[in-house]
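Encoded as structure tokens, here's the structure I'll be asking about.
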Amino acid sequence: MTGKGKETEFKFRVDNQGDLDAVAKASSATGAQAVHQENHFFDTKERLLDKNKYVLRLRQEDSTFFLTAKGPSSSHQHGALTAKAETEREINLAQATTIRDGRQSALKVLAEMPLEPDEKPLVDQMTKLLGATPLVHAGSFSNDRSRLTVPLQVGGQNVPVILELDRTTFPGAVVHYEIEVEVPSTVDADGLGQALTALFERAQVKTRNGPGKAKRFFAAMRGEKI
């Protein structure tokens, strides 16, 4: 489940915008919040963070900025479900600009913020891994996200769940379509997985598992097919 220091979410790949539209229609959601995201990644020239399955990201969502660190994913019997250590903070425009321009280290900015006990180990691990090796701007991709609040039956209860329907443009103009659902801390993940499967069946949409966006981004930057 998602909480301070941890991110637990489902990720479902689909084929096209029509699949996203079908899921939105089948969900019976009323209204949607559409946002545009620009995601910037930081790593060493040798891609030390990526090789060790860490992620350091600056995200601009419309006029708001978020600085995020993520650790390696743990496996789950439901292939679309991932769990990982995460630390995220909202920052201001001035901080975001200095990070983006390379005048401040994204990890140092995060490390100097007040952190919860469950968040600090991740930042400490990444700091130790990097040592004195400087960070560089590794590249970016854009994402158009539509957030829908959907009532789902989970364990016999009606639970409001946020579906994030994504159209992501990776380097090389490669476009992927995906549905992400964060697992609330009060919701059973297995039960939510069953409810989501039922929703996709109603929408007549086939989903598949795949690596996270950051992994696909770095693969694209290496010139690999994603």
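When the chain is modelled as a GNM with alpha-carbon springs shorter than 10 Å, which of 30, 44, 64 fluctuates the most?
30
Simple spin-label model, 7 Å along Cα-to-Cβ: residue 112 to residue 21 in nm?
It is 4.8 nm.
Once you have the alpha carbon radius of gyration of region 129-218, what is it after dividing by 2.2 N^0.38 Å, with N set to its residue count?
Working: Rg = 16.9 Å, N = 90, 2.2 N^0.38 = 12.2 Å.
Rg over 2.2 N^0.38 Å, computed on Cα atoms: 1.39.
With a ≥ b ≥ c the root eigenvalues of the C-alpha gyration tensor of region 41-149, is it rounded (a/c under 1.5), prolate (a/b larger than b/c) or oblate?
rounded
Apply the Karplus curve 6.51 cos²θ - 1.76 cosθ + 1.60, θ = phi - 60°, to the phi angles in region 36-46 and return the couplings in whole Hz, x for Gly and Pro.
10, 10, 10, 10, 10, 10, 10, 7, 7, 4, 8
Another one. For q = 0.17 Å⁻¹, what log10 I(q)/I(0) does region 1-66 give under the Debye formula with an equal point scatterer on each alpha carbon and no solvent?
Per q value, in the given order, log10 I(q)/I(0) is -1.01.
To the nearest 0.05, what FRET efficiency results for residue 35 and residue 188 with a Förster distance of 35 Å applied to their C-beta separation? Walk me through the intermediate numbers first.
Values: r = 28 Å, r/R0 = 0.81.
Once the sixth-power term is evaluated, E becomes 0.80.
Ordered by residue, what ³J(HN,Hα) values in Hz, to whole numbers, does region 173-179 give under the Karplus form 6.51 cos²θ - 1.76 cosθ + 1.60, where θ = phi - 60° and Gly and Pro are x?
So the Karplus estimates, Gly and Pro as x, are 6, 8, 10, 10, 10, 7, 10 Hz.
Can you give me the Cα centroid spacing of region 99-160 and region 26-85 in angstrom?
A separation of 7 Å, based on Cα centres.
Take the chain, drop everything but the C-alpha atoms, weight them equally and run the Debye formula without solvent; then report log10 I(q)/I(0) at 0.15, 0.16 Å⁻¹ to two decimals.
-1.05, -1.19
I've got another one for you. Per residue of region 205-210, what does 6.51 cos²θ - 1.76 cosθ + 1.60 with θ = phi - 60° give for ³J(HN,Hα)? Whole Hz please, x for Gly and Pro, Karplus curve as stated.
Karplus values, whole Hz, x for Gly and Pro: 10, 8, 10, 8, 8, x.
Quick check: the angle from helix 120-130's long axis to the longest principal axis of the chain, C-alpha only, nearest 10 degrees?
50 degrees
Every number here is computed from the coordinates shown, using simple stated rules; none is lab data. If you're wondering where the values come from, they're calculated on a predicted model, not measured in any experiment. Don't worry about glycine lacking a Cβ; one is built from the backbone with ideal geometry, like all the others, and counts go over all protein chains shown.
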